[in-house]
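Derivation of every value follows stated rules applied to the coordinates shown; laboratory data play no part. Note that the structure is predicted; figures quoted are calculated from it, not measured. Every residue, glycine among them, receives a Cβ derived from its backbone with ideal geometry; neighbour counts consider all protein chains shown.
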């Protein structure tokens with residue numbers, strides 16, 4: 001069986017980093033995903049999806065993401081059964097994130113939410129991570145002449 005999910009949406013609130021009793025990092029947050037179509041009244045339907053991230057992914061999200069930031073989440077669906085404070089049995093469905101990418105361009109002033117250094121740059125829409133300017137060398141060179149024939 002296959003259980004893979006890819007969603008894109010905006011964080012509904014700032015992620016909060018917590019630790020388990022054994023010291024494992026975990027954060028949970030909610031993403032708002034708008035539907036592609038509008039209802040007859042002209043409004044888009046929004047689906048609120050709960051996401052949980054563990055270890056380095058949790059630390060990354062809590063450091064670089066904030067409320068309103070666009071995120072692309074890749075992971076799997078998980079259901080949990082639990083009992084609320086009134087003794088009622090409940091079930092929650094959430095995405096357990098394997099990878100989280102930036103879904104929008106870097107805004108002025110964006111960087112780590114804590115600490116004093118600036119973050120490496122990232123670009124939309126793939127959210128690719130790139131080395132800081134000035135620190136990378138290029139192995140590519142300009143092609144001088146073109147004979148018009150394709151190499152394949």
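Expected output is a single nm value to one decimal: the length gained when fully extending between residue 56 and residue 85, i.e. 0.36 nm times separation in residues minus the C-alpha distance. What is it?
Details: separation 29, 0.36 × 29 = 10.44 nm, distance 3.16 nm.
Result for the pair: 7.3 nm of gain on full extension.
Using a 10 Å cut-off on Cβ atoms, rank the peptides 69-82, 10-23, 92-105 from the highest mean neighbour count down. Numbers along the way, then the final one.
Details: 69-82: 15.3, 10-23: 12.6, 92-105: 17.1.
Most protected by this proxy first, the peptides run 92-105, 69-82, 10-23.
Label zone of residue 47 (point 7 Å out along Cα→Cβ, amide N under 20 Å): in segment 6-39 this covers 6-13, 29-39.
Please say if segment 35-87 is rounded, prolate or oblate, where rounded means a/c under 1.5 for a ≥ b ≥ c the square roots of the C-alpha gyration tensor eigenvalues, and otherwise the choice is prolate for a/b larger than b/c and oblate otherwise?
Numbers: a/c = 2.30, a/b = 1.23, b/c = 1.87.
Cα axes put segment 35-87 in the oblate bin.
Full extension of the chain between residue 78 and residue 99 yields a length gain of 6.0 nm, computed as 0.36 nm times the residue separation minus the alpha carbon distance.
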